[in-house]
1. With the requirement that a residue be basic (K, R), assigned to a strand (DSSP E or B) and in contact (Cβ under 8 Å) with a residue 40 or more places away in the chain, what does the stretch 54-84 give you?
2. Would you tally the residues in the stretch 21-49 being touching a Phe, Trp or Tyr at 6+ places or on another chain (Cβ under 8 Å), among the small types (G, A, S) and surrounded by 12 or more Cβ atoms within 10 Å (Cβ to Cβ)?
3. Give me the pairs, please: first residue somewhere in the stretch 85-104 and in contact (Cβ under 8 Å) with a residue 40 or more places away in the chain, second residue anywhere and among the aliphatic types (A, V, I, L, M) and assigned to a helix (DSSP H, G or I), beta-carbon distance under 7 Å, and either six or more positions apart or on two chains.
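No value in this document is a laboratory result; all are computed from the given coordinates. As the structure is a prediction and not an experimental result, all values here were calculated from the model. Glycine gets a Cβ as well: all are built from the backbone with ideal geometry, and neighbour counts include every protein chain shown.
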Amino acid sequence: MTDRTETKPRRTTNNAPIPMPGRLAVDFYDNLLKAQKQGPLDQQRPGTAVTATGRITLVKPLDSGRVHVVLTDTDKNSALIDFGPSAADKVWPLLKQGARLTVAGHVTGARPLVPAGIAGYDAQIAGAR
């Protein structure tokens, strides 16, 4: 008689957060501590001024003159950056897929089915002065 018991692969536990839209790390000023801090975008209050750095994984110009950009970090967390028409005109030359970009803007609140994002007003190539 043959042994038909199978050994199942052992599962390992990984406590790392699951990569998600809206979880890109951002820098912000903590008024209570009077210090620069860093944390996930989706844990910041809407309207908070933030900067974020990541690799451009999508650039989508819209008919309205706005441009949507997705920034993704090395952990695959991402954020949607919405540049209004005047900001889009200013940063358009920098928006090349694959480029590392630092963006300044304000947090936009998460809504059902829409993760937290950033209303961008300025950007520069990461590492540039």
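1. R55, the sole residue that qualifies.
2. 2
3. Note: pairs meeting the criteria are L101/L94.
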